[in-house]
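Please read the structure below before turning to the comments.
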Amino acid sequence: MANMTIGPKIKKLRQQKGLTQEQLAEALGYSGKSVISHIEKGDADMTYEKILFLLRKFDLDANSLFDGEIKKRKRKRRKARARKVQPEVEEANENIKRVAIYIHGLHGSAKEADFYKFLKGYDVKGLEYSQEGKPWELKEPIQNEFKKLTKGYDEVIVIANSIGAFYAYEYLSSYKIKKAFFISPIVSMFQQIVDLMAMYGIKDKELERKKFITLEDGNVLSYDFYQHVSTDDDNWKVPTEILYGAFDQMVYMGSMMEFLENHPQAKLTVKSESEHHFSSPEEMKFIKNWINKNLD
C-alpha cells in the first residue's frame, strides 16, 4: 500500500488524539517512534492488519484515512456535471413512489426485509432467490425479480447483506438505484473461492481440468466463475454506504480497502466489536440508526 496519502492523515489523527509518536508506536506494537515517523512521512508502509487495529483501538471511521482521493474525484465529477447540466427546478416530491429492496445473505430469507419497515416513505420488499442456485446461475432470476419488485416505483434503494451485496453490485449495476446500503458485504468473491480452495487443498490447475468441483459441504466451485471474478471488474456506480464489523473473519480488510479504492462512490463505517453477522439487539439498533443517518 502506498502511504503518500494515508501518512499525513495518521499524523493528523494522532495529534487529534493527543498522542506522541512513541505512544502511538507502543499502542500499535511497533518497536519505536521512528516507524511512525516514516509512516507519517509516507516512506514506509502500514499493513492492513495494523490499519484495522488502529481503527479498532481508537474507534475511528475508516473513511477518515481513505476518503481523501474519493472526495477529490467526487468534486471533479460534480464540476463536470455542473458544466454540462443546467440547474433545474425540483418538482414537489410528495407523490414520488419509493421502494427499498432487501437482498438477504446465504441461508437468509426475504422475510428479513420486515426489519427495515422503519424506513419512512418507502415500501419495503424482500428479494428472494433460490438457496440451491449457484452464484453464476442467479443473474437472470435476480434481475427478473428485481424488475418485478421495482415496477411502478420512481425511486429505488437497495439494502443488501453479505453475499446479497455481491449479487447487487455484480448483477444490478445497470438498473436505476438511488443509493445502496451494504452490510458485511462480500466485496471479493474471488477471495472467498480462493479460501475454499485452500481449505480443501484444491489447486487452480485441478479446478481448470475438472471445470466443476463439488465440496463436502455441498458448495460447488466453477472454474469459469473463478476466472470471471478474478478480475474484480464490475460496473457498480451507485452511491453506497458499507457497514463492516471490525472482527469480521470472512471479509478481509485488504479486500475491503481494494473495493473502496475501486469504488470512490462508496463510504465505509466500521462497527467496533462486531463480526460478520449482525444479529444482537444493539447491532440491529446500530443498523437502523446508520441507515437513517445516511439516507439522503
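Only the coordinates and a few stated rules stand behind these numbers; no lab work does. Just so you know, these numbers come straight off a predicted model, no measurement behind them. Cβ sites come from the backbone with ideal geometry, for glycine too, and all protein chains shown count toward neighbours.
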From the list (1) 29, 22, 18; (2) 33, 28, 19; (3) 26, 22, 19, can you say which value of semi-axes √(5λ) of the Cα gyration tensor in Å was derived from the structure given? (2)
What's the FRET efficiency of ASN95 with HIS277 using the Cβ-Cβ distance as r and R₀ = 41 Å, to the nearest 0.05? 0.60
State whether region 233-296 is rounded, prolate or oblate according to the following rule on the C-alpha gyration tensor (a ≥ b ≥ c being the square roots of its eigenvalues): a/c under 1.5 gives rounded; otherwise a/b larger than b/c gives prolate, and the remaining case gives oblate. oblate
Tell me, LYS41, LYS11 in order of fewest to most beta-carbon neighbours within 10 Å? LYS41, LYS11
Go through region 90-169 and name the GluC sites (Glu not before Pro) that are in a DSSP coil and have 12 or fewer other Cβ atoms within 10 Å of their Cβ. GLU90, GLU91, GLU94, GLU132
With unit charges on the beta carbon (Lys/Arg positive, Asp/Glu negative), name the residue among THR269, PHE247, ASN292 whose Cα is farthest towards the positive pole of the charge dipole of region 233-296. ASN292
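Is the shape of region 6-61 best called rounded, prolate or oblate, per the rule: a/c under 1.5 gives rounded, else a/b larger than b/c gives prolate, else oblate, with a ≥ b ≥ c the square roots of the Cα gyration tensor eigenvalues?
In terms of gyration-tensor shape, rounded.
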Net dipole in debye of the chain [+1 Lys, Arg Cβ; -1 Asp, Glu Cβ; about Cα centre; nearest 20]: 1520 debye
Need one number: % antiparallel among DSSP beta bridges in the chain, to the nearest 5. 10 percent
Footprinting exposure proxy for TYR200, TYR169, TYR129 (fewest neighbouring C-beta atoms within 10 Å first): TYR200, TYR129, TYR169
What is the order of ARG98, ARG14, fewest Cβ neighbours within 10 Å to most? ARG98, ARG14
